[in-house]
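The values are calculated or read from the model by the stated rules, or taken from the named source; none is laboratory data. Here the structure is a predicted model, which means the values were calculated and not measured. No Cβ is skipped: glycine too gets one built from the backbone with ideal geometry, and neighbour counts run over all protein chains shown.
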Amino acid sequence: MDETTWCTTTTERFWMLEYIQGRATPRQLRLFGCACVRRVWDLLSDDERLAVERAEHWAEGLTSVVLVPDRVASATEFGSDQPAILALAALRLFEANPAQAVHAATHVIRAQRGGDWRSELARQCDLVRCIFGNPFRTVGEGPWWQSDMVRQIAQAIAGEQRFADLPILADALEDAGCTDCEILTHLRAPGPHARGCWPLDLILGGR
Ligand SMILES: [Zn+2]
């Protein structure tokens, strides 16, 4: 894996995750799995949607007691139809080992065999870049992190998951003196973006 591949690949999601293993935090790994399952929200049952929300809260450290919804808890490796595979994807979000939670992404792809799974794989590569940033670059701290306006906008976006407003955050950062291309370009990119989007984490102290 080199930087060009990292920044442009639409197929190498597996190797991207391999490359950052050991550096990725449990929270990031779990949120990546959740983001992939959220991508097929319209295909999920109510129990699976509840599972994603609970897994996100768990990943964020908002709860220490995780109750897996019944239909999700009973998912097995042996189901081969789309509902069974999606239930398994949701179940993966509760793996005790957070590194295993990323396998939810593979089940999401499996569930779309016959459909436009290549496009979905490309979006998963985007989500890796959104949550884990660019491991080939170091982004330094800047005084612009301390701007009240920047923090308020970042908190509003993160709290309400309003990722369409990320370009507004980029504008506020520039107004506060930020010239970091890595951050500004990511915030202005169409995404998809997700919980754990790395510039938001930088500003709000996530990770
Ligand atoms: Zn992002």
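Looking at G205, G196, G177, which one is of a type in the set (G, A, S) and within 12 Å of the ligand (Cβ to nearest atom)? Walk me through it before giving the result.
Numbers: G205 fails: within 12 Å of the ligand (Cβ to nearest atom); G177 fails: within 12 Å of the ligand (Cβ to nearest atom).
Result: G196 is the single residue among G205, G196, G177 that is of a type in the set (G, A, S) and within 12 Å of the ligand (Cβ to nearest atom).
Enumerate the pairs (first residue in segment 172-191 and of a type in the set (G, A, S); second residue anywhere and within 15 Å of the ligand (Cβ to nearest atom)) with beta-carbon separation below 7 Å, excluding pairs fewer than 6 apart on the same chain, so at least 6 apart or on different chains.
Here the result reads A172/I153; G191/D126; G191/C130; G191/F163, each pair linking segment 172-191 to a residue that is within 15 Å of the ligand (Cβ to nearest atom).
Got at least one residue in segment 46-59 being closer than 22 Å to P135 by Cα and either in a helix (DSSP H, G or I) or touching a Lys or Arg at 6+ places or on another chain (Cβ under 8 Å) (or both)?
Narrowing segment 46-59 to residues closer than 22 Å to P135 by Cα: 59.
Next, only the ones that are either in a helix (DSSP H, G or I) or touching a Lys or Arg at 6+ places or on another chain (Cβ under 8 Å) (or both) stay: 59.
There is at least one residue in segment 46-59 that is closer than 22 Å to P135 by Cα and either in a helix (DSSP H, G or I) or touching a Lys or Arg at 6+ places or on another chain (Cβ under 8 Å) (or both).
From the list V102, V139, exactly one residue is under 30 Å from A84 (Cβ atoms) and either acidic (D, E) or out of contact with any strand residue (DSSP E or B) (no Cβ under 9 Å at 6 or more places or on another chain) (or both). Which is it?
On the way: V139 fails: under 30 Å from A84 (Cβ atoms).
Selected residue: V102, the only one of V102, V139 that is under 30 Å from A84 (Cβ atoms) and either acidic (D, E) or out of contact with any strand residue (DSSP E or B) (no Cβ under 9 Å at 6 or more places or on another chain) (or both).
Restricting the search to segment 75-105, which residues are farther than 19 Å from L121 by Cα, in a loop (DSSP other than H, G, I, E, B) and touching a residue at least 12 places away in the same chain (Cβ under 8 Å)?
A75, T76, F94 - these are the residues of segment 75-105 that are farther than 19 Å from L121 by Cα, in a loop (DSSP other than H, G, I, E, B) and touching a residue at least 12 places away in the same chain (Cβ under 8 Å).
Here's a check for you: in segment 68-105, which residue that is closer than 25 Å to A24 by Cβ and polar (S, T, N, Q) is farthest from the chain's Cα centre (by Cα)?
Applying the filter and picking the extreme gives N97.
Residue-by-condition table, conditions (1) more than 18 Å from P192 (Cβ to Cβ); (2) under 15 Å from the mean Cα position of the chain (by Cα); (3) polar (S, T, N, Q):
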{"position": "Y19", "(1), (2), (3)": "yes, no, no"}
{"position": "G22", "(1), (2), (3)": "yes, no, no"}
{"position": "R30", "(1), (2), (3)": "no, yes, no"}
{"position": "G33", "(1), (2), (3)": "no, yes, no"}
{"position": "V37", "(1), (2), (3)": "no, yes, no"}
{"position": "D46", "(1), (2), (3)": "yes, no, no"}
{"position": "H57", "(1), (2), (3)": "yes, yes, no"}
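L121 passes all but one of (1) away from the ligand (no atom under 16 Å from the Cβ); (2) over 14 Å from the mean Cα position of the chain (by Cα); which number fails?
Going through the list (1) away from the ligand (no atom under 16 Å from the Cβ); (2) over 14 Å from the mean Cα position of the chain (by Cα), L121 breaks only (2).
Do you know which of the residues in segment 150-174 that are of a type in the set (D, E) and modelled with pLDDT of 95 or more is farthest from the ligand (Cβ to nearest atom)? Outline the logic, then answer.
Just the residues of segment 150-174 that are of a type in the set (D, E), to begin with: 160, 165, 171, 174.
Next, only the ones that are modelled with pLDDT of 95 or more stay: 165, 171.
On the way: D165: 12, D171: 16 Å.
Among those residues, the one meeting the criterion is D171.
When segment 89-108 is examined, which residues are found to be β-branched (V, I, T) and surrounded by fewer than 20 Cβ atoms within 10 Å (Cβ to Cβ)?
Quick first cut of segment 89-108, residues β-branched (V, I, T) only: 102, 106, 108.
Correct list: T106 only.
Can you tell me which residues in segment 16-37 are part of a helix (DSSP H, G or I) and loosely packed, with under 13 Cβ neighbours inside 10 Å?
Start the filter on segment 16-37 by keeping residues that are part of a helix (DSSP H, G or I), which leaves 16-20, 26-37.
Within segment 16-37, E18 is the sole residue that qualifies.
Working only within segment 180-193, note down all residues that are within 14 Å of the ligand (Cβ to nearest atom) and within 19 Å of P143 (Cβ to Cβ). Walk me through it before giving the result.
Filtering segment 180-193 for residues within 14 Å of the ligand (Cβ to nearest atom) gives 182-193.
Within segment 180-193, E182, I183, L184, L187 qualify.
Are any residues in segment 143-202 assigned to a loop (DSSP other than H, G, I, E, B) and touching a Pro at 6+ places or on another chain (Cβ under 7 Å), and if so, which ones? Please lay out each step first, then the result.
Going through segment 143-202, the residues assigned to a loop (DSSP other than H, G, I, E, B) turn out to be 147, 161-162, 176-180, 189-197.
Scanning segment 143-202 gives a single hit, G177.
V139 passes all but one of (1) over 19 Å from the mean Cα position of the chain (by Cα); (2) more than 16 Å from the ligand (Cβ to nearest atom); which number fails?
The failed condition is (2).
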